[in-house]
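Working notes, beginning with the structure itself.
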């Protein structure tokens with residue numbers, strides 16, 4: 001009996017010691033995680049920042065958190081070998097460890113895909129590769145979607161699920177899925193149409209029957225447009241792809257068109273000189289596009305003689321356009337005053353006949 005009791009006591013002591021070792025291993029790897037994040041990662045990050053581009057720095061930042069969790073998972077795996085009440089060779093435990101590592105790798109690549117926007121922008125500037133600004137965020141989102149899909153499929157295979165059977169099963173219910181996701185698919189294809197036809201890009205000022213403003217982002221489902229009242233409007237891609245889109249940012253010049261009426265008592269010579277001087281002023285104006293400039297005595301109106309002005313500014317910027325238009329208006333006013341030509345105002349005459 002004494003021998004059995006001693007054996008039981010020795011086994012209990014061994015279990016306690018093994019449990020303490022397991023806890024010690026966990027604490028050791030927890031400390032290693034802290035040391036890595038505080039010292040080693042900081043040193044490596046400083047070294048990577050000295051590289052000619054930011055690619056290595058992006059890799060380090062993207063995999064920082066996944067690597068810390070990887071250290072923790074390795075600690076759990078090693079500690080499980082010492083814990084007396086747990087079987088480390090359990091298939092479920094091994095599948096959880098493998099799937100966790102797959103998820104961490106997918107997490108790192110998901111974070112890294114967020115830096116692809118900067119990568120594509122650098123390719124644009126360095127190698128003169130014409131990647132449209134509106135395509136860059138869309139490519140980044142597509143890459144993230146692919147990473148998530150691959151990660152989920154690998155994890156499913158780790159747990160013994162046949163992904164090919166699942167994909168084949170989608171074909172059986174494909175018709176129902178297509179009807180259920182009809183609007184989502186329409187928005188997806190609408191986004192593809194907007195990207196391939198490129199009626200606008202990020203930062204363009206556009207006008208549609210739905211909204212007017214500056215394009216901020218385009219995703220699989222919708223396009224975000226910032227209005228001039230600073231409201232953010234989200235328009236489904238299917239709606240936007242089927243609307244007439246006016247891209248004001250693509251204008252090469254901006255039109256100014258208006259009419260002025262002068263009084264009927266204006267002398268012909270004064271009117272001719274005024275029109276000639278205004279034409280000359282517009283032809284010599286640095287901000288007026290010289291391809292089309294019309295200043296003419298257009299027609300007779302009820303209240304006066306109508307002068308038509310039709311020309312374009314070189315700038316398409318709204319603020320600069322208004323400044324040029326104001327400058328031209330003041331110059332026209334000065335010319336008309338110099339020539340003693342007065343503006344016609346709406347008026348009426350009352351004729352009273354005397355009765356004899």
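Here, each number is a calculation from the coordinates, and none is a lab measurement. Computed from a prediction, not measured in an experiment: that's the story for all the values here. Backbone-built Cβ (ideal geometry, glycine too); neighbour counts: all protein chains shown.
Full extension from residue 283 to residue 302: what is 0.36 nm times the residue separation minus their Cα-Cα distance, to one decimal in nm?
Stretched out fully, the residue 283 to residue 302 stretch lengthens by 3.8 nm.
Looking at segment 196-301, what % of the alpha carbon pairs are farther apart than 25 Å?
Values: 2709 of 5565 pairs.
I get 49 percent for the Cα pairs in segment 196-301 exceeding 25 Å.
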Cα centroid separation, segment 192-249 to segment 271-289 (Å): 39 Å
Segment 252-338 - percent relative contact order, Cα under 8 Å, separation 6 or more: 40 percent
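Taking the highest mean first, how do the peptides 144-152, 105-113, 188-196 order by number of other beta carbon atoms within 10 angstrom per residue?
On the way: 144-152: 14.9, 105-113: 18.9, 188-196: 16.9.
Ranking, from highest mean packing down: 105-113, 188-196, 144-152.
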Diffusion constant of segment 182-249 at 37 °C, which comes from Stokes-Einstein with the Kirkwood Cα-pair radius and 0.692 mPa s, µm²/s: 283 µm²/s
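Could you tell me what fraction of 2.2 N^0.38 Å the Cα radius of gyration of segment 252-338 comes to, as a two-decimal ratio?
On the way: Rg = 13.2 Å, N = 87, 2.2 N^0.38 = 12.0 Å.
Against the compact-globule rule of thumb, the ratio is 1.10.
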Rough spin-label spacing in nm, given labels placed 7 Å along Cα→Cβ, for residue 318 and residue 268: 4.7 nm
Where a label projected 7 Å from the Cα of residue 244 along Cα→Cβ would reach, residues of segment 182-224 with amide N under 13 Å: 207-210
